[in-house]
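The values are calculated or read from the model by the stated rules, or taken from the named source; none is laboratory data. Every value quoted in this text rests on a predicted model; they were computed, and no experiment measured them. Cβ sites come from the backbone with ideal geometry, for glycine too, and all protein chains shown count toward neighbours. What goes into the accessible areas is simple: the full protein's heavy atoms, side chains included, and nothing from ligands, DNA or RNA. Shrake-Rupley method; radii C 1.70, N 1.55, O 1.52, S 1.80 Å.
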Amino acid sequence: MDISTFKKRVNIVPVLGTLYLLVSLILLCMAISFWVLLAAENQQLRTWVSMVSGIIMLILGYILIRQVKQALKPNKIPKSGFQATTVEGLQQMLELKNKELSRLAQDLIKEQEIRGSSEKAKQIFLVNISHEIRTPMNGIMGFARLLEESLIDEDHHESLQMIIKSADQLMAILNDILDFSRLEAGDINFQQLPFTLKDSVHSIYRMMEQGAKCKDLNFSYEIPDTLPEVLSGDAVRLGQILLNLTSNAIKFTEKGEVKISLKVMKEQADRITIAFKVHDTGIGIPVNKQQSVFDFFEQVTSDTSRRYAGTGLGLSIVKRLVELQGGEVALESVLGKGSDFYFTIDFGKVSDEVKKQTMKTSNRFQQPIVQNGKGIKVLIVEDNPINQLLVIKVLENQGYEITVASNGRIALEEYGKQSFDVILMDLQMPELDGYETTRIIRKMEGDKGEIPIVAMTAHTIEGELEKCLKIGMNDYISKPFNASELYQKIEMIIEKARSSTVTVNKS
């Protein structure tokens, strides 16, 4: 046996301790014997000590030799012994751990599947509930606005305005719920398209102007001349943020003013950061509540909720939309004196050519719309009888020639018999829905496959516009729709189609 093996075997704590003890005892006996032999004068004592010491040293030496021999013997521990048992135990422990980890992994997969199916079910529910609510609301708001234009009696007119206002409030609540769901799921895409800043702010002003007048508030907005006229960004999300803050300011202000103001925070060659402020002289917010108002479902007090109503989602939606665009939201408020809400958003700058084109389009839509649809043939594909009647009345008032189809199959039959200038296409219909009908039309040969198609639907879930454009639709209008918006859509899309035709003929 080599020295290293010997060292490994001897270097076990029990063996090593025994060897050290035996050697120590032998040395001790030798030392005592040597001392007695030198120090003792009695010869008999010397003899007895020598004998006893010798016997003890012999016994200890014998034990020492046996211990050394035992350490030098080959290891005869069987495979089923200590080492094998230890290895097998470790293997069993590893197998148990692997089984446990596999079980945990399977549990996690099942939990993710349950969550995924639950999220999918929630999204389907929201799509359906949105469609089911918006469809009747389209009829209520549409016919109410038609009546509003024709009523002369002041009391009837006021009653009708209350109906429209209540419907608007219901739609605002529905939009808050849908926006919350999209934000919670992170299903928000921000566009980077050119838009006119003044138009975006002015449209919010026009939307909220009547509400401010009803409360006799001084409502205004201020845009510095130093700001670029056209920027690149998400004008829809900007409008949503301003609308939430402005409607909140008007709702919580009984007297005084509400004002929207803008200023440049930072400007670079291709980017600009703009700070928006919505100021009001309303009820104000206590200091200890100024952060929590941005949380989902939070309102200042339960009394505020009862007095002013609302979902408690508006400010949280504002905060999330701003932060997702890399901006910041801030609040300054004095209880009983009013509040200032600030937010910043970074926009892109555009070239002179893009600016010119955007301004041209913007100015065209600011001009009064020529409400004359004579000679324009429209195919309305809509399964709901109330919505059919509403669209017919809205368009016939402008002289459009109307044909109605209650589903996609009938629409294809009508389109096969005659030509139209534009198709207003509902999406969710029996027998053949709007998506498949559009795909079939786009596969038709010649001009038949090029007809402008506008989706007119209660589906407003994020991504619906992109889906409609992807299958070949030209534009999208959501229900409940505004009559003037519908006129604009039809006018714009027909003008674009005719311009394309003229260009092709010239070439």
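Kindly indicate the residue of segment 485-507 that is at pLDDT 80 or above and of a type in the set (A, V, I, L, M) and also nearest to SER419 (Cα to Cα) among those meeting that condition. Top of the filtered list is ILE494. Criterion applied to ILE317, ILE369, ILE380 was being modelled with pLDDT of 75 or more, over 20 Å from the mean Cα position of the chain (by Cα) and of a type in the set (A, V, I, L, M), and the one residue passing it is ILE380. Here the condition is being aliphatic (A, V, I, L, M), closer than 18 Å to GLN325 by Cα and touching a residue at least 40 places away in the same chain (Cβ under 8 Å); of VAL236, VAL258, it holds for VAL236 alone. Listed residues GLU401, GLU436, GLU413, GLU382; which is open to solvent by less than 20 Å² (accessible area, probe 1.4 Å), among the acidic types (Asp, Glu) and closer than 30 Å to ARG134 by Cβ? Exactly one residue qualifies, and that residue is GLU382. Could you check, for segment 111-129, whether at least one of its residues is open to solvent by less than 90 Å² (accessible area, probe 1.4 Å), acidic (Asp, Glu), modelled with pLDDT of 70 or more and assigned to a helix (DSSP H, G or I)? For segment 111-129, residues open to solvent by less than 90 Å² (accessible area, probe 1.4 Å), acidic (Asp, Glu), modelled with pLDDT of 70 or more and assigned to a helix (DSSP H, G or I): present. With respect to the conditions (1) at pLDDT below 70; (2) surrounded by 13 or more Cβ atoms within 10 Å (Cβ to Cβ); (3) of a type in the set (Asp, Glu), GLU149 falls short on a single one, namely (2). Only one of the listed residues (MET456, MET429) is outside any loop (DSSP other than H, G, I, E, B), at pLDDT below 90 and open to solvent by less than 60 Å² (accessible area, probe 1.4 Å). That residue is MET456.
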